[in-house]
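S.K.: There's a structure below that I have some questions on.
The values are calculated or read from the model by the stated rules, or taken from the named source; none is laboratory data. This one's a predicted model, so the numbers in the text were calculated from it and none came from an experiment. Cβ placement follows ideal geometry from the backbone for every residue including glycine, while neighbour counts extend to all protein chains displayed.
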Amino acid sequence: MAGEDGSGRPALRGVSWLVVLTLAGVGVVGYRAWSEPSRAAPIAAARSGPVVVRVATARRLGDTIDLSQTGTTQAFDTASLYPRATGYIAERRIDIGSRVKKEDLLFRISAPDLDQQLAQAQSQVVQLRAALAQSKAMVDQAEANRHLADVTNKRTSTLAGTGIATAQNADTAQAGVLTQAANLASAKAAVKVAEANIAAQEAQVARLTVLTGFEEIRAPFDGVVTTRNTDIGDAVTADTNTGLPLATLVRDDVLRMAVNVPLYAADGVRDGLPARITVAQVPGKVFPGTVSRSSAALLYASRTLVTQVDIPNPTHELQPGLYITLSLAIPRPAPVVSVPTDALIFDQAGTRVAVLEPSGAGEGSVVRMRPVTIERQTDTTLDLRAGLTGGETVVIGPPASLRDGDAATPRKEAKAGT
């Protein structure tokens, strides 16, 4: 044969290798056919039993959200009193700590220049009114002259028609009518100018009268004087607020405090919501307060709602600038259920929790996946506003292989976080 030596060994060696490879392939296939059922049986047996899981009870939270914040009280109103009249302080009736009522006289400024300007403006009004009377008299005179010219024109025109008067006289009489009509219109215009001058001067008098009214500085509201920077004899300049005010007045019968309500509680904030105020300097006493207004829009940076609380202070026991603690019980707009944070399942199906329900086939429990909506998350709990009603048994730390409908057995009961 070709390819053989005298003994035939190369041909026999090739055949033996082919036999070995064939037997090896048959052995692998046979092993797989035998081993797959034997290995699948224990896995199937393991999956056929219930899954042991840790559980906790979903807890429905209260109908209100308790919110406490610390802050500083502010006066309900604050007024820095500046002069509007130039002069000097002639009288001072208040000092630091003085309590005043609305419209009480605080300072009286002597402003002789302003008083003189007012007197001069008033005298000019009198002069302008006299000029108006003169203008009206001129109107009456112009009206009489126009009437006379009209009568003369009619008479001359008649005489000219009969030849007694010349045509030139008739033309002159007609021109006289036009001249007197123009004089009458001019006189009436002068009356309007005089009336306008009086109106402008009376406006000037009114302005100066208002300014002289500022010679007396009165309290804009009931309150207490917190600062006083001027004394009798001090010169003051009108319309300047670059320096210190004459005095500062605050209203402290009602105080204010601003509260930043977080997003999860902002929907429950309403005007009239009661508040509780405690002060470290007054232990054991709770002061009432009321939500009076809110910004109605969340701050972009913090996603909080700026809310103002009014604190009645009729006895003036509290002071503006006092450090206090304010508590609100904000109603929840919808029920909220709390579960542990590690009960959440987040996958392609969305946010869900696994709930154990009684099996309809007999004893034991089955897993049901419930889609949920998260309202707030803390380090240990999730507050859910949809998906659970409270009291359900939820799975904590569910395994990745857990599926809806799987049989499960709770290992132990753990209390849901607060």
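S.K.: Residues to consider are VAL261, VAL236; find the one that is surrounded by 15 or more Cβ atoms within 10 Å (Cβ to Cβ) and either within 20 Å of THR78 (Cα to Cα) or within 14 Å of the chain's Cα centre (by Cα) (or both). Write out each step before concluding.
M.R.: Values: VAL236 fails: either within 20 Å of THR78 (Cα to Cα) or within 14 Å of the chain's Cα centre (by Cα) (or both).
Selected residue: VAL261, the only one of VAL261, VAL236 that is surrounded by 15 or more Cβ atoms within 10 Å (Cβ to Cβ) and either within 20 Å of THR78 (Cα to Cα) or within 14 Å of the chain's Cα centre (by Cα) (or both).
S.K.: Considering each of ALA144, ALA133 in turn, give the residue that is in the same structural domain as ALA119 (by TED's automatic domain parsing), over 30 Å from ALA119 (Cβ atoms) and modelled with pLDDT of 85 or more.
M.R.: Just one listed residue meets the conditions, ALA144.
S.K.: Here is a follow-up. What single numbered condition from (1) closer than 17 Å to GLU195 by Cα; (2) touching a helix residue (DSSP H, G or I) at 6+ places or on another chain (Cβ under 6 Å) fails to hold for ALA133?
M.R.: With respect to (1) closer than 17 Å to GLU195 by Cα; (2) touching a helix residue (DSSP H, G or I) at 6+ places or on another chain (Cβ under 6 Å), ALA133 is out only on (2).
S.K.: I would also like to ask the following. State all residues of the range 294-311 that are in contact (Cβ under 8 Å) with a residue 40 or more places away in the chain and surrounded by 14 or more Cβ atoms within 10 Å (Cβ to Cβ); if no residue qualifies, say none.
M.R.: THR304, LEU305, VAL306, THR307, GLN308, VAL309, ASP310, ILE311
S.K.: How many residues are of a type in the set (Gly, Ala, Ser) and modelled with pLDDT of 90 or more when one looks only at the range 273-298?
M.R.: Qualifying residue count, the range 273-298: 3.
S.K.: A further question follows. Applying the selection to the range 79-116, what residues are touching a Lys or Arg at 6+ places or on another chain (Cβ under 9 Å) and over 12 Å from ILE217 (Cβ atoms)?
M.R.: Within the range 79-116, ASP95, ILE96, SER98, LYS102 qualify.
S.K.: Another question about this same structure. Being more than 21 Å from ARG60 (Cβ to Cβ) and among the polar types (S, T, N, Q) is the filter here, so list the residues in the range 318-348 that pass it.
M.R.: Listed by number, the residues that qualify are GLN319, THR325, SER327, GLN348.
S.K.: A further question on this structure: Out of the residues in the range 85-118 meeting the condition of being of a type in the set (Ser, Thr, Tyr) and in a strand (DSSP E or B), tell me which one is nearest to THR227 (Cα to Cα).
M.R.: Start the filter on the range 85-118 by keeping residues that are of a type in the set (Ser, Thr, Tyr), which leaves 86, 88, 98, 110.
If we keep only those that are in a strand (DSSP E or B) too, we end up with 88, 110.
Numbers: TYR88: 19, SER110: 22 Å.
Ranking the candidates gives TYR88 first.
S.K.: Search the range 330-352 for residues being exposed (fewer than 13 other Cβ atoms within 10 Å of the Cβ) and of a type in the set (Gly, Ala, Ser), and hand back the single one that is farthest from GLY289 (Cα to Cα).
M.R.: The residue in question is ALA349.
S.K.: While we're here: With respect to VAL210, is the statement that it is under 28 Å from LYS136 (Cβ atoms) and either free of Cβ contacts under 8 Å to residues at least 24 places away in the same chain or part of a helix (DSSP H, G or I) (or both) true? Give the derivation first.
M.R.: Numbers: under 28 Å from LYS136 (Cβ atoms): no; either free of Cβ contacts under 8 Å to residues at least 24 places away in the same chain or part of a helix (DSSP H, G or I) (or both): yes.
Considered against the rule, which asks whether it is under 28 Å from LYS136 (Cβ atoms) and either free of Cβ contacts under 8 Å to residues at least 24 places away in the same chain or part of a helix (DSSP H, G or I) (or both), VAL210 comes out as no.
S.K.: Condition first: within 11 Å of ARG370 (Cα to Cα), in a strand (DSSP E or B) and either out of contact with any Pro (no Cβ under 9 Å at 6 or more places or on another chain) or not hydroxyl-bearing (Ser, Thr, Tyr) (or both). Now tell me which residues in the range 336-352 satisfy that. Walk me through how you get there before you give the answer.
M.R.: Step one: of the range 336-352, the residues within 11 Å of ARG370 (Cα to Cα) are 344-345, 349-352.
This time we only want the ones that are in a strand (DSSP E or B), so: 344-345, 350-352.
The answer is LEU344, ILE345, GLY350, ARG352.
S.K.: Pairs, please: C-beta under 6 Å, at least 6 apart or cross-chain, first residue within 13 Å of LEU318 (Cβ to Cβ) and not assigned by TED's automatic domain parsing to the domain that holds LEU305 and in the range 274-293, second at pLDDT 95 or above and small (Gly, Ala, Ser)?
M.R.: From the range 274-293, no pairs qualify.
S.K.: I'd like to know if the range 147-167 contains one or more residues that are modelled with pLDDT of 85 or more, in a helix (DSSP H, G or I) and surrounded by fewer than 18 Cβ atoms within 10 Å (Cβ to Cβ).
M.R.: Here is the first cut: in the range 147-167, the ones modelled with pLDDT of 85 or more are none.
No; the residues of the range 147-167 include none that is modelled with pLDDT of 85 or more, in a helix (DSSP H, G or I) and surrounded by fewer than 18 Cβ atoms within 10 Å (Cβ to Cβ).
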